[in-house]
Amino acid sequence: MASSYAQDGDSAGTFLGHPKGLFVLFFAEMWERFSYYGMRALLIFYLTQHWLYSDGEASVIYGAYTALVYITPVIGGYLADRWLGQRKAVLYGAVLLTFGHFLMGFEGDGGQDAASLNIFWLALAFIIVGSGFLKANISVIVGQLYPRTDVRRDGAYTIFYMGINLGAALGSILCGYLGQTYGWSYGFGAAGFGMLLGLIVFVIFKPLLLGRGESSDPAKLSSTVMGIKFEWLLYLSGLVAVAIVWWLVQNQSVVGSLLGVAGGILVLYVLGTAVIKLPAEDRDRIFAAMFLILGSILFWALFEQAGSSLNLFTDRHVDRGGVPASVFQSINAIYIVLLAPLFAGLWTWLGRKGMEPSTPVKFGLAMMQLGLGFLVLKWGAEAVGMENATPVIFIFLIYLFHTTGELCLSPVGLSAMNRLAPAHMASLIMGTWFFASATGNFAAGLIASATGSENASGEGAGKELVMSVYGTIGLYAIGFGILVVVVSPLIKKLMHLDTLRDDSALEGAAEIGEPAAAGVHPTNRS
């Protein structure tokens, strides 16, 4: 198998030492992230300034939307693995995404016009389900371009990851600028054209993918069920999912309830499986993984203020020099591109000297940096007076601390999930990790709603309230981080790192996490 992969790659030619198909995926994912983060940078403003939702209402809608974006890849990944294949799933997801982004351009007259609002909800539903089909599968095709032992794999994921963050940065800058300067339809339209461009490239250059990502059961896809080709039934199921998500995104409390119930069942199932079926050391590792997973919920709940409450604060209370607030959403992606290689090198250098912090310590450090970012912004706002605009340098500082915190938790956590889970539970544990991200995103909306005493014109004592909330969550984050560091020896002991063994199945699962271990594949960007 390894030799056939290599021969296919050689026959198709390479670019910069990698199969040309990698750059097809790079380009498609770059434009998908361009469209997603471009729209995301504008969404909270669109909700408050165009649809005239209060800050609190808009934040909850935003939280439900981002939570659903993290849940649907579970479905898209399952359908691709079981029947559809990754390539067709990505193609279908790209079509849904393109349609959804262009629907966002139909803004109507604003206010609470029911007909226009329904088009808006439908646009969000198409984007959510499209992300589910695409996000779960495009990175899988990257891995399929290389044999498992190919030394180029880490480099390939690094290149792919740079495309993710390049798209996120460019989308926030361009779509944010157009949307807040010339009108919503220009910003959302740019996001739609970006996604369309990615779709066209993916279709035209399909041969460069070397046949990777095709269905594992093409006969089943070609069969008929009730007179309908099974493949088309799968596509219809995607449209049914759009209808369900269209209803869910309008009923945010239901999303919260589903997350709570499903999350509770998932945690109990994982823990029950660990206690009943696993030997002692594997059981302990699952306990350690669950501790990290639950801790990540708090991290993402605070980190994801970036797109909601922090975005609004930047718009209303920061001396931006005339730059649209949504453009500042690009800072995190730019920092990641600049800092991820430094963190990868730092962990390697410390590891060689026997000084690398354990995974739980890194989690604790991540929480402390996250909390410090909120406190730095609060101190900056207080230093110039609540009645004055906050200097923009403090926005750059909060994003800096939050990004360094992200690089201590997100790639490290992804790697830890692959290391700690027994081979037969690897997908379940990884699914639980991403489910935690969804829960954190929904909780982020609830936290942001607590800052929402202002109306869209910026009237009221909102700045004081936002800084009060940020001060509180900043202290809690630092306190929780210190607690994690204190208990880290116990968590590390539960990980039983000294007795971890490789086998072929575990090795295959671990390779999925290799880029993460190198600090190059944070989950919130994948």
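The values are calculated or read from the model by the stated rules, or taken from the named source; none is laboratory data. Computed from a prediction, not measured in an experiment: that's the story for all the values here. Ideal geometry is used to build each Cβ from the backbone, glycine not excepted, and the neighbour counts take in all protein chains shown.
One residue stands out among those in the stretch 431-446 that are buried (at least 21 other Cβ atoms within 10 Å of the Cβ) and of a type in the set (A, V, I, L, M): the one that is modelled with the highest pLDDT, which is A444.
Among the candidates V392, V412, V384, V361, single out the residue that is of a type outside the set (F, W, Y), surrounded by fewer than 21 Cβ atoms within 10 Å (Cβ to Cβ), closer than 30 Å to D282 by Cβ and in contact with a Ser or Thr (Cβ under 9 Å, 6 or more places away or on another chain). Spell out how you get there, then give the answer.
Numbers: V392 fails: closer than 30 Å to D282 by Cβ; V412 fails: surrounded by fewer than 21 Cβ atoms within 10 Å (Cβ to Cβ); V384 fails: closer than 30 Å to D282 by Cβ.
Of V392, V412, V384, V361, the one residue that is of a type outside the set (F, W, Y), surrounded by fewer than 21 Cβ atoms within 10 Å (Cβ to Cβ), closer than 30 Å to D282 by Cβ and in contact with a Ser or Thr (Cβ under 9 Å, 6 or more places away or on another chain) is V361.
Restricting L52, L16, L43, L47 to those that are at pLDDT below 90, assigned by TED's automatic domain parsing to the domain that holds L134 and farther than 30 Å from S216 by Cα reduces the list to L16.
Which is among the polar types (S, T, N, Q) and buried (at least 16 other Cβ atoms within 10 Å of the Cβ), of S237, S296, S257? Reasoning before the result, please.
Details: S237 fails: buried (at least 16 other Cβ atoms within 10 Å of the Cβ); S257 fails: buried (at least 16 other Cβ atoms within 10 Å of the Cβ).
Testing whether each residue is among the polar types (S, T, N, Q) and buried (at least 16 other Cβ atoms within 10 Å of the Cβ) leaves just S296.
For the stretch 213-253, give me the residue count where each residue is touching a Phe, Trp or Tyr at 6+ places or on another chain (Cβ under 9 Å) and at pLDDT below 90. Final tally of qualifying residues: 7.
So is S330 closer than 21 Å to G462 by Cβ and among the hydroxyl-bearing types (S, T, Y) or not? If you could, list the steps in order and put the result at the bottom.
On the way: closer than 21 Å to G462 by Cβ: no; among the hydroxyl-bearing types (S, T, Y): yes.
Spelling it out, it is not the case that S330 is closer than 21 Å to G462 by Cβ and among the hydroxyl-bearing types (S, T, Y).
Screening the stretch 447-526 for helices (runs of 4 or more DSSP H) wholly inside it with 3 or more residues that are modelled with pLDDT of 95 or more returns the ranges 462-495. Of all the residues in the stretch 219-259, those that are without any contact (Cβ under 8 Å) to a residue 12 or more places away in the chain and not hydrophobic (A, V, I, L, M, F, W, C) number 8.
Scanning the stretch 257-300 for residues that are among the small types (G, A, S) and under 16 Å from F434 (Cα atoms) yields G260, A262, G263, G264, A289, G295, S296.
Kindly indicate whether any position in the stretch 319-340 is of a type in the set (D, E, K, R), surrounded by fewer than 22 Cβ atoms within 10 Å (Cβ to Cβ), within 26 Å of Y476 (Cα to Cα) and over 19 Å from the mean Cα position of the chain (by Cα). No, the stretch 319-340 has no match at all.
Contact map, the stretch 68-83: residues that are among the polar types (S, T, N, Q) paired with residues that are part of a helix (DSSP H, G or I), Cβ distance under 7 Å, separation 6+ or inter-chain. Pairs shown: T72/I128; T72/V129; T72/S131; T72/G132. Only one of the listed residues (L197, L170) is crowded, with 19+ Cβ neighbours inside 10 Å, assigned to a helix (DSSP H, G or I) and aliphatic (A, V, I, L, M). That residue is L170. Look at the stretch 143-172: where a residue is more than 14 Å from F23 (Cβ to Cβ) and a partner is among the aromatic types (F, W, Y) and not in a helix (DSSP H, G or I), sitting 6+ places away or on another chain with Cβ atoms under 6 Å, you get R153/Y146. Helices (runs of 4 or more DSSP H) fully within the stretch 69-144 that include at least 3 residues being more than 19 Å from K206 (Cα to Cα) and not hydrophobic (A, V, I, L, M, F, W, C): 114-135.
In this structure, does S59 turn out to be more than 15 Å from the chain's Cα centre (by Cα) and of a type in the set (S, T, Y)?
On the way: more than 15 Å from the chain's Cα centre (by Cα): yes; of a type in the set (S, T, Y): yes.
Answer is yes for this residue.
Being crowded, with 19+ Cβ neighbours inside 10 Å and not hydroxyl-bearing (S, T, Y) is a description that applies to G130.
A single entry from G364, G371, G413, G351 fulfils the requirement of being closer than 21 Å to V318 by Cβ, small (G, A, S) and in a helix (DSSP H, G or I): G371.
Can you say whether D150 is outside any helix (DSSP H, G or I), farther than 30 Å from S237 by Cβ and in contact with a Ser or Thr (Cβ under 8 Å, 6 or more places away or on another chain), as far as the supplied structure shows?
No.
Only a single criterion out of (1) among the charged types (D, E, K, R); (2) surrounded by fewer than 17 Cβ atoms within 10 Å (Cβ to Cβ); (3) not in a helix (DSSP H, G or I) is not satisfied by R212, namely (2).
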